[in-house]
Amino acid sequence: MKKYLLVAVTLMVILVSVSWVMMPPKNSSEISTGSGTELSIPDDLMVVFKNSCMTCHSSEGKGMAKSIIDFSKWDSYKPEKQTKKAEAICNVVTKGSMPPKGYIESNPGAALSQEQKDMICKWGKPADK
């Protein structure tokens, strides 16, 4: 019995150690867009996304919006995908196509200010572009 308990405890320690090592960091404050570097979302920008984007673009969202970008899964995206998505976000908010006009009509507080759009684009475009 002691032998089985020892084996079970050892396996648990190994599993926890491996999962901890493989888990991506949650709230990194460093923002980099270089090749292979994770593009984290700073807290002040996450507030903007929660207010104006995540009703549709999160695990609570539905349909196409959620399939295009799901902020709930941002940390699971590969760095290259994060960079492409961030650039696309900058493009759609700059054009004024996001948040959609119909959504803003029913949720006026979700409209993005020019300052918020600039903040998104500063985050979403690598410095060399």
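Key figures for this structure:
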quantity	calculated
5 angstrom amide H check on residue 58, placed H, neighbours 5+ away	71
Karplus 3J(HN,Hα) series, Hz, for region 103-113 with 6.51 cos²θ - 1.76 cosθ + 1.60 (x for Gly, Pro)	5, 5, 4, 8, 9, x, x, 8, 4, 8, 7
Partners for residue 122 among aspartates and glutamates (Cα-Cα distance below 12 Å; same-chain residues under 8 apart left out)	87
Where region 69-115 is the region considered: accessible area per residue in Å², 1.4 Å probe	59 Å²
Share of carbon and sulfur in the accessible heavy-atom surface of region 51-123 [1.4 Å probe, %]	57 percent
Per-residue ³J(HN,Hα) for region 77-91, Karplus 6.51 cos²θ - 1.76 cosθ + 1.60, θ = phi - 60°, Hz, x for Gly and Pro	5, 5, x, 5, 5, 4, 4, 5, 5, 4, 5, 5, 4, 4, 4
HN-Hα J in Hz across region 55-60 - Karplus 6.51, -1.76, 1.60, θ = phi - 60°, x for Gly and Pro	4, 9, 9, 8, 4, 7
Estimated distance in nm for a label pair at residue 67 and residue 51, the labels positioned 7 Å out from Cα along Cα-to-Cβ	3.1 nm
Separation in nanometres of the label points that stand 7 Å from Cα toward Cβ, at residue 59 and residue 122	3.1 nm
Sum of side-chain charges, residue 80 neighbourhood, beta-carbon under 14 Å (Lys, Arg +1; Asp, Glu -1)	+2
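The values are calculated or read from the model by the stated rules, or taken from the named source; none is laboratory data. Since we're looking at a predicted model, the values are computed, not measured. Every residue, glycine as well, gets a Cβ built from its backbone with ideal geometry; the counts of neighbours run over all protein chains shown. Quick note on the areas: whole protein, heavy atoms, side chains included, nothing else; ligands and nucleic acids left out. Shrake-Rupley method; radii C 1.70, N 1.55, O 1.52, S 1.80 Å.
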